[in-house]
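A quick write-up on the structure given underneath.
The values are calculated or read from the model by the stated rules, or taken from the named source; none is laboratory data. These numbers were taken from a predicted model, which means no experiment stands behind them. No Cβ is skipped: glycine too gets one built from the backbone with ideal geometry, and neighbour counts run over all protein chains shown.
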């Protein structure tokens, strides 16, 4: 987890985000590397936030649309050639 990224996010006003969006964003930041890049699964985010996977998918889509997340590619998950989306967290100034 990037502590500086978490601090910047915590001090950035996000009034337009729903509670589920904020929970998913903080869960993503918790597993992001120093550059804000991560690849958590929807299932992992659902377990951490307590939200249903459908809620997590919608929240992730809203975060991308709002510019808080950027999709930066895919990574191999290891089993059965599964891939997962990789994201970069964008903290707006």
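Points worth noting:
- Residues within region 16-49 that are assigned to a helix (DSSP H, G or I) and under 18 Å from residue 90 (Cβ atoms), tallied: 12
- Which numbered condition residue 2 misses (of (1) modelled with pLDDT under 90; (2) surrounded by 15 or more Cβ atoms within 10 Å (Cβ to Cβ); (3) over 24 Å from residue 73 (Cβ atoms)): (3)
- Beta carbons closer than 9 Å, at least 6 apart along the sequence or on distinct chains, pair a first residue in region 11-38 that is at negative phi and at pLDDT 90 or above with a second that is loosely packed, with under 15 Cβ neighbours inside 10 Å and assigned to a loop (DSSP other than H, G, I, E, B) for 23/50.
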